[in-house]
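Asks: Let me give you the structure first, and then I'll get to my questions.
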Amino acid sequence: MNTSTKRIIGALLVCNGILLSTAANAEEITIWSWDTAAEALKSVSEQYNATNPALTANTVTSQVYDQLTAGCAAGGVNLPDVVSIENGEAERYIQQFPDCFVELSQFGVDELKPLFSDYKWVELQSGDNTYGVPWDAGQVVTFYRADLFDKAGITADDIATWDGYIEAGKKLAAATNGETRMALSNYTSGLNWFSVMAQQLGCSVFGEKNGETTIRVNQAGCVRALDQVKKLADAGVIAPGGWSEKLTALKTGKTASAVYGAWYEGSVRNNMPELSGQWRVTKMPAFEEGGKRAANLGGSALFITASSKNPAAAYDFVKFALTKPEIQIGMLKSHGLVPSLLSTQSDEYMSSPQEYWGGQTIWKTILETSSDIEPVRATPYGAEAGDILVAIQTAFVEGKYDSAQAALDEAAKQIKNATGLTVE
Amino acid sequence: MSPKNRITPYAFIAPYLIAFGCLWLIPIIYSFSMSFFNTRARPWKFDMLHNWGRLFEDALFLATLKNTFLIILVQVPFMLALAVIFAVFLNSKLLFLKGIYRFAIFAPIVVADAAYAVIFRLLFNDDFGFVNQLLNAVGIADIAWTGSSAGAIALISISLTWRWTGYNAVIILAGLQSIPKDIYEASELDGASRFTQFLYITLPNLKPVILLCLVLSTFGTLQLFTEPTLLTEGGPGVSTTTVAMYMYQQGFKSFNFGYGSAIAYFIVFIGLGLSLIQFKLLGSKSDA
C-alpha cells in the first residue's frame, strides 16, 4: 500500500469517527452556516452552551448548499440539526426535498409570527407550512464615499432618484478624469439591481393569481426596471462586476458607491478599515421624486432537518439565536448582520452614531425603510428564471432587443416554456 | 471444462463487476429513466416528452449548444493545426535540446485546471490585468476579456489552446515517429521538397492520429466546464456557458434532475454522432 492510499484510508477513518461521535451523542446539536454568518453563529453557540449545560450547540462552517443537496437527495444522511439557507434559495429545497425539513408548527412557530415583518415569513412558507425562522434582513440602501462625492460636488440629495444617480455619475466621472464610476453591478451575471428596482415598482418575476403561480416579468414595473439598468450601463455610470470585483473597486476608489443589502455594511467596514470616516449611507434611489426608496435583497433563515435526533432541542437553539434582542444586536455589532427581529429596532444601539460611518446613525436610516418593503414570494423556479433573465438582460444591455418590453416578452415566453406556468 | 472452472473466472472479476454495477451501471440506467419524468416537485410524475420535448424549444439550451459548437468548429481545428506544427518542429533533426522543448510544450497539462484558471483570471483582468497593460504598452486599448461577449469567448479559446495544444502535440509527435523513415528517403531521391514531403507523406500518415486528437478534443469540449466556470462564470449573460454547465445548472441549481439527465444524454448522443461523422470524413485508416 502506498502512502497516499494509506492517507486516504486514514482520512476516511477519521471522517467516520467524527460522524459516529456526533451520531452517538444526542445531546449535541450541529449547525451549518457560511462565512460571516457562521462566525456569528459560533459566538451564539458559545453563549447558548454557557446557559444550557445539558445541551451542546456546535456551529460548523460549511459550503452549505452542495452538501445539503447531497444529504437531502440521499434521504437525510450526514446532515446537521440546524442549517442556514438564504430566503431566496429556501423554496427550491422545500419543494424538491419536503421530507428533509421539519415543519415548525408543531413547536409553536405561530407564536413567533408577530415578532418579524410579514415579508420575512412569506419566503419561508409553502402552502400553510412554515419551515424556517427568519434571521437577518437585507434592506437595500446606497453606501457611498462622502470624500469622493464632495470632490465632485455631489450631495446625498442628488442621488434620491435613479436619474439623479446617473447625473451624479457623470459629474463624478468629470471630476475624476473618468477614473471613478458610481458602482459595479452584476448585470451580466445576476439580477441584483433588476430585481431590486422591479421590487420598488411593485413588480416581480412571479406572482400569484387564484392560488396559482403566474409569470409577471413582462409587466410595466419590470419593463421600467430593465430600461433603467440599460440607461445606467449606457451612461457608463455602472460597469459589470461580481462580489470580489465590487470590493476591490470600492477599496481602490474605482467606484464610489454600492446599492446593496444592509448586510454589506460588515463587508465594507471589515475590508476597508483604512477608509473609516469616509463612508455614508443613504436610502436607495427612487424612480421619481417621493417614490419608494426601499427593497429587500437576500437575508437568511434557520431550518431544522428532519434527520435531526433532537428537533425540539434544535428549535430551542433557533429560538435562542433568533428571537432574543440582545443576541441579535450582538451579531449586528460584530458582523453587521441586520436583525429582522422587530423588537431590536427600539434598541438604543440602533440609534447610536457609528464611528466608521463618520458618526452617522446608519442603522436608523436602514431600519426606517423596513416598513416600505414589498413582500416578494419565492418560487422553486427562481434559479431557472434567473438564468433566462440574466441572458436576456445581457443581450438587452448589448442592444440586441428593440425595447425592454420586447426583451421581457421573450423572457416571459422562455420562462413559460421552462416552467409550464401561465403569463399573467 | 468442469462447471467449477466456469465459475472461477467470474468470481475473479466479480469485485469489479459489482463495483461497476453499483457505481456506474445502475446510475447510468437510473439517470436515463429520470429523463422521462417530470421532476419539478415530489412525487416525480412519469411524462415521456416533458424533458426531451423541452430541449428543442429551450432558447437557453440552444444558445449553450451554439457556444459549445463554436469552440468545436473554431478553437479545436486551430489548436490541432498548431499542435501539428509544434510536433513537426519537435521532430526536426536540426533541433537541439529536444527534451527541454518537449517538456515546455507539454508542461501546461501538468498544471491543475483550477490553478491555471485562477492565474489566467488575474492575467486577463479587465482593469488591472497584465495582458491589458501589455496591450496598452503597444498602443492597443483595453480589451474587456470578461466584460464583453466577444472578449469572453476569446479568453476561453486562448486558455483552452494554451492548456491542450501541448497534449495533442505530444500525441501527434508519437504518430510522426511511427512514420517509416524510408518513405522520406525514397521521396528525397525523387527530389521532393520538404513542403511536398509534409503535404504528401506526413499529413496522410498522420490522419489516424489527428482523428484520435479530434475525437478526444470534441468529447473534451462537449464536457467543457472548468474553464468557463472559473474564468467567466459562463458570462457575460450566457455567451460562454457550455452545454455541460447548463446541465449542471439545471440539475443542481434548479433541481430539475429530469431535465438535467435529458441534457446529459443529449450530449452523449451528440458526441457519438460527431465522432461517427469524423470517422466517415477522415476514415479510420491512413490512405498512405
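The values are calculated or read from the model by the stated rules, or taken from the named source; none is laboratory data. Everything numeric here is computed off the predicted structure, so don't read it as measured data. FYI the Cβ positions are ideal-geometry reconstructions off the backbone, even for glycines, and counts take in every protein chain you see.
Asks: Could you identify the single residue in B:29, B:100 that is part of a helix (DSSP H, G or I), within 30 Å of residue B:156 (Cα to Cα) and among the aliphatic types (A, V, I, L, M)? Break it down stepwise before answering.
Replies: Working: B:29 fails: within 30 Å of residue B:156 (Cα to Cα).
Within the list B:29, B:100, the selection yields B:100.
Asks: Could you list, in sequence order, the residues of segment A:124-141 that are modelled with pLDDT under 85 and either within 14 Å of chain B (Cβ to nearest Cβ) or within 21 Å of residue A:324 (Cβ to Cβ) (or both)? Break it down stepwise before answering.
Replies: As a first pass, look at segment A:124-141 and keep what is modelled with pLDDT under 85: A:125-128.
Matches in segment A:124-141: A:126, A:127.
Asks: Does residue A:379 satisfy the condition of being within 14 Å of chain B (Cβ to nearest Cβ), within 28 Å of residue B:51 (Cα to Cα), in a helix (DSSP H, G or I) and polar (S, T, N, Q)?
Replies: Details: within 14 Å of chain B (Cβ to nearest Cβ): yes; within 28 Å of residue B:51 (Cα to Cα): yes; in a helix (DSSP H, G or I): no; polar (S, T, N, Q): yes.
Here the answer is no, as residue A:379 does not meet what is asked.
Asks: While we're looking at this one, here's another question. Please list, ordered by residue number, the helices (runs of 4 or more DSSP H) wholly in segment B:43-94 having 2 or more residues that are free of Cβ contacts under 8 Å to residues at least 40 places away in the same chain.
Replies: Correct list: B:59-70, B:76-91.
Asks: May I pose another question? Given the condition among the small types (Gly, Ala, Ser), under 28 Å from residue B:152 (Cβ atoms), out of contact with any strand residue (DSSP E or B) (no Cβ under 7 Å at 6 or more places or on another chain) and not in a helix (DSSP H, G or I), answer yes or no: does some residue in segment B:105-119 qualify?
Replies: First, pick out the residues of segment B:105-119 that are among the small types (Gly, Ala, Ser): B:107, B:112, B:114-115, B:117.
Imposing the further condition that a residue be under 28 Å from residue B:152 (Cβ atoms) reduces the set to B:107, B:112, B:114-115, B:117.
Then drop every residue that is not out of contact with any strand residue (DSSP E or B) (no Cβ under 7 Å at 6 or more places or on another chain), which leaves B:107, B:112, B:114-115, B:117.
After this cut, where a residue has to be not in a helix (DSSP H, G or I) as well, the list is B:112.
Yes, segment B:105-119 has at least one match.
Asks: Still on this structure: Looking at this structure, is residue A:353 within 26 Å of residue A:146 (Cα to Cα), more than 14 Å from chain B (Cβ to nearest Cβ) and surrounded by fewer than 21 Cβ atoms within 10 Å (Cβ to Cβ)? Outline the logic, then answer.
Replies: Working: within 26 Å of residue A:146 (Cα to Cα): yes; more than 14 Å from chain B (Cβ to nearest Cβ): yes; surrounded by fewer than 21 Cβ atoms within 10 Å (Cβ to Cβ): yes.
When the stated conditions are applied, residue A:353 passes them.
Asks: Can you tell me which residues in segment A:142-171 are more than 15 Å from residue A:291 (Cβ to Cβ), of a type in the set (Gly, Ala, Ser) and out of contact with any helix residue (DSSP H, G or I) (no Cβ under 7 Å at 6 or more places or on another chain)? Lay out the reasoning, then the answer.
Replies: Let us first name the residues in segment A:142-171 that are more than 15 Å from residue A:291 (Cβ to Cβ), namely A:143-156, A:158, A:166-171.
Next cut, of a type in the set (Gly, Ala, Ser) only: A:146, A:152-153, A:156, A:168-169.
Selection gives A:146, A:156, A:169.
Asks: Quick one: how many residues across segment A:280-335 are within 16 Å of the chain's Cα centre (by Cα) and surrounded by fewer than 20 Cβ atoms within 10 Å (Cβ to Cβ)?
Replies: Number satisfying all stated conditions: 1.
Asks: Quick one: residue A:150 ticks every box in (1) touching a residue at least 12 places away in the same chain (Cβ under 8 Å); (2) in the same structural domain as residue A:266 (by TED's automatic domain parsing); (3) not basic (Lys, Arg) bar one, so which box is it?
Replies: Single failed check for residue A:150: (1).
Asks: Hey, another quick one. For segment B:85-100, check the following and say yes or no: at least one residue is away from chain A (no Cβ under 14 Å), surrounded by 12 or more Cβ atoms within 10 Å (Cβ to Cβ) and of a type in the set (Lys, Arg).
Replies: yes
Asks: Hey, does segment A:397-408 have a residue that's facing another protein chain (nearest Cβ under 9 Å), within 12 Å of residue B:59 (Cβ to Cβ) and assigned to a helix (DSSP H, G or I)?
Replies: No, because not a single residue in segment A:397-408 is facing another protein chain (nearest Cβ under 9 Å), within 12 Å of residue B:59 (Cβ to Cβ) and assigned to a helix (DSSP H, G or I).
Asks: Also: Would you check if residue A:199 is modelled with pLDDT of 95 or more, under 20 Å from residue A:282 (Cβ atoms) and either surrounded by 19 or more Cβ atoms within 10 Å (Cβ to Cβ) or of a type in the set (Val, Ile, Thr) (or both)? Can you show your working first?
Replies: Numbers: modelled with pLDDT of 95 or more: no; under 20 Å from residue A:282 (Cβ atoms): yes; either surrounded by 19 or more Cβ atoms within 10 Å (Cβ to Cβ) or of a type in the set (Val, Ile, Thr) (or both): yes.
Answer is no for this residue.
Asks: Of the numbered conditions (1) surrounded by 19 or more Cβ atoms within 10 Å (Cβ to Cβ); (2) within 7 Å of chain B (Cβ to nearest Cβ), residue A:417 fails exactly one; give the number of that condition.
Replies: (1) is the only condition that residue A:417 fails.
Asks: What number of residues in segment A:32-48 are surrounded by 16 or more Cβ atoms within 10 Å (Cβ to Cβ) and assigned to a helix (DSSP H, G or I)?
Replies: Selection size over segment A:32-48: 11.
Asks: Restricting to strands (runs of 3 or more DSSP E) lying wholly in segment A:175-246: which have 1 or more residues that are within 12 Å of another protein chain (Cβ to nearest Cβ)?
Replies: Values: elements: A:183-185, A:206-209, A:212-215, A:238-240.
Here the list reads A:183-185, A:212-215, A:238-240.
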